[in-house]
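Data first, discussion second: the structure below is written as structure tokens.
The values are calculated or read from the model by the stated rules, or taken from the named source; none is laboratory data. As the structure is a computational prediction, the values presented were derived from the model and not from experiment. Here the Cβ positions follow ideal geometry from the backbone for every residue, glycine too, while neighbour counts run over all protein chains shown. Surface areas here come from the heavy atoms of the whole protein model, side chains and all, with no ligands, DNA or RNA. Shrake-Rupley method; radii C 1.70, N 1.55, O 1.52, S 1.80 Å.
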Amino acid sequence: AATRAPANSDARPVCYAQAAGLYLARLFPGLGFVRGGPSPGAGPFAALAVGVPILAAGLAWRTRHRRLRRLGIAFVAGLSGMIIEGTVILYFQAQRGALFEDLGVLLTAFMAGLAIGAHALDRVRAQAGGRSVGIGILAAMAAVDGIVAETVRAGALAGIAGSSVLLFAGGATVGAAI
């Protein structure tokens, strides 16, 4: 029986995107998922998901209590890292189908970013001041979050190499913040 639907295979994973869209539609009915992908009306939600953590980080850096500031920064950095890591890995799986072959490379890229981001921050903080470094980290985190959101929205994630670069950049900003 001939159908107009594309065949589901690892080379062309149709069902992964549809299953993810249906699952998210159950959790967030107003998100506007149609056929496994977000509809054009979902843009404000995506902007809100990226903007709220960035705003929270900005407020955390402004608080006078050092302990609360550190807790807020760690929370926002961890949240941002989880969003980046989850989004890129799930989108990679929806594009490629089989994730088990490349999961180690993707997680290693994120972890390498964590280590290098923390190491680079120690060197930069020794040369610069504390306040300007914090604002730079916040700007870098916002830029990486925006790039990930736009890359996924446009469907332009370039396989294992592009996913690894985005995960490395996300890990580097989280490592620098923490």
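Just need a number here: residues in the stretch 84-106 that are touching a residue at least 40 places away in the same chain (Cβ under 8 Å) and assigned to a helix (DSSP H, G or I).
14
Residues that are among the basic types (K, R), in contact with a helix residue (DSSP H, G or I) (Cβ under 6 Å, 6 or more places away or on another chain), over 30 Å from A19 (Cβ atoms) and open to solvent by 70 Å² or more (accessible area, probe 1.4 Å): does the stretch 111-123 have at least one?
No, there is no match, as no residue in the stretch 111-123 is among the basic types (K, R), in contact with a helix residue (DSSP H, G or I) (Cβ under 6 Å, 6 or more places away or on another chain), over 30 Å from A19 (Cβ atoms) and open to solvent by 70 Å² or more (accessible area, probe 1.4 Å).
Is it true that R131 is assigned to a helix (DSSP H, G or I) and either open to solvent by 40 Å² or more (accessible area, probe 1.4 Å) or at pLDDT 80 or above (or both)?
yes
Among what's in the stretch 84-120 and is modelled with pLDDT under 85 and of a type in the set (A, V, I, L, M, F, W, C), pick the residue that is nearest to the chain's Cα centre (by Cα).
The extreme case among them is L90.
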